[in-house]
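I have placed the structure first, in the form of structure tokens, so that the comments after it can refer back to it.
The values are calculated or read from the model by the stated rules, or taken from the named source; none is laboratory data. Keep in mind the model is a prediction, meaning the values are calculated, not measured. Using ideal geometry, Cβ is built from the backbone for each residue, glycine included, and neighbour counts are taken over all protein chains shown. Accessible surface areas use protein heavy atoms only, side chains included; no ligands, DNA or RNA. Shrake-Rupley method; radii C 1.70, N 1.55, O 1.52, S 1.80 Å.
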Amino acid sequence: MKVSHVSEADHDLVTVAVAAAEANTSGEIVTVVAAQSNDYDDVALVWASVIAFLAMSVIALFPEFYQGLYYRLTGGWGHELTANEWLGTVIAVGVLKWIGMWLILLWRPLRLALTPRVIKAGRVRARAVDLFKVGTEAKTLGRTGVLLYLSLKEHRADIVADEAIATKVAPEVWGDAMAALIDQVRAGRPGAGMAAAVTQMGVVLAEHFPKGDENPNELPDRLIEI
């Protein structure tokens, strides 16, 4: 099944931008867009565990209140709970809270919203590096490949450069490209954002890696969707 996160017009914008940027540099730009970089199952697990622990802690801190609630719910006909029965009840409440929170977090937008920004940034970076290693690293003769990766649902992007570029261009130099990209993505224009970022990347690459006599197109100009 064909993956489609952006429009054909977005594809055209990015392809044209890559070709234009590479016309002035020996660098090779690869662009990749994904819907999401990670499922964050571990984050859902942590949230479910925290909620369950808090529920059990509240019952343990206010046992008289919850015991009174139990007797009111049973109309005063409930038998006096032993210590073991009360412990079992507290554990059962915790398990139910855990299951309930886990089921709620099956709704992925909520799971993503509850994921701390630093974790999302780390997962996007890790995904970008993985894709770079597979499709860009050491794929050019001069080790001048650079990957622009956009993860739509996280509103995060990253740039990973091959060895020759990384030794000359500090990560913060890509700041203008990243800012141009994220501004457009937040406005609902991912294609325009990637094209703007590619243009900025082309400026940096042309400065450090100007076009030589031989400039083969070693990596695809088209936008890759995964």
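The rows are residues; the columns are (1) modelled with pLDDT under 70; (2) surrounded by 12 or more Cβ atoms within 10 Å (Cβ to Cβ); (3) in a helix (DSSP H, G or I); (4) among the hydroxyl-bearing types (Ser, Thr, Tyr).
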{"site": "Ser49", "(1), (2), (3), (4)": "no, yes, yes, yes"}
{"site": "Met56", "(1), (2), (3), (4)": "no, yes, yes, no"}
{"site": "Glu64", "(1), (2), (3), (4)": "no, no, yes, no"}
{"site": "Tyr70", "(1), (2), (3), (4)": "yes, yes, yes, yes"}
{"site": "Gly75", "(1), (2), (3), (4)": "yes, no, no, no"}
{"site": "Leu81", "(1), (2), (3), (4)": "yes, yes, no, no"}
{"site": "Leu87", "(1), (2), (3), (4)": "no, yes, yes, no"}
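Per-residue answers, yes or no, for (1) open to solvent by less than 30 Å² (accessible area, probe 1.4 Å); (2) modelled with pLDDT under 95; (3) within 20 Å of the chain's Cα centre (by Cα); (4) among the hydroxyl-bearing types (Ser, Thr, Tyr):
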site: Thr115; (1), (2), (3), (4): yes, no, yes, yes
site: Glu137; (1), (2), (3), (4): no, yes, no, no
site: Ala157; (1), (2), (3), (4): yes, yes, yes, no
site: Ala164; (1), (2), (3), (4): yes, yes, no, no
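Only one entry in Lys153, Lys139 is touching a residue at least 60 places away in the same chain (Cβ under 8 Å), part of a loop (DSSP other than H, G, I, E, B) and in contact with a Ser or Thr (Cβ under 9 Å, 6 or more places away or on another chain), namely Lys153.
Only residues in region 10-27 that are without any contact (Cβ under 8 Å) to a residue 24 or more places away in the chain and buried (at least 22 other Cβ atoms within 10 Å of the Cβ) count as the first member; pair them with residues that are not small (Gly, Ala, Ser) and not in a helix (DSSP H, G or I), Cβ under 7 angstrom, at least 6 apart or cross-chain, and list the lot. Final answer for the pair search is none.
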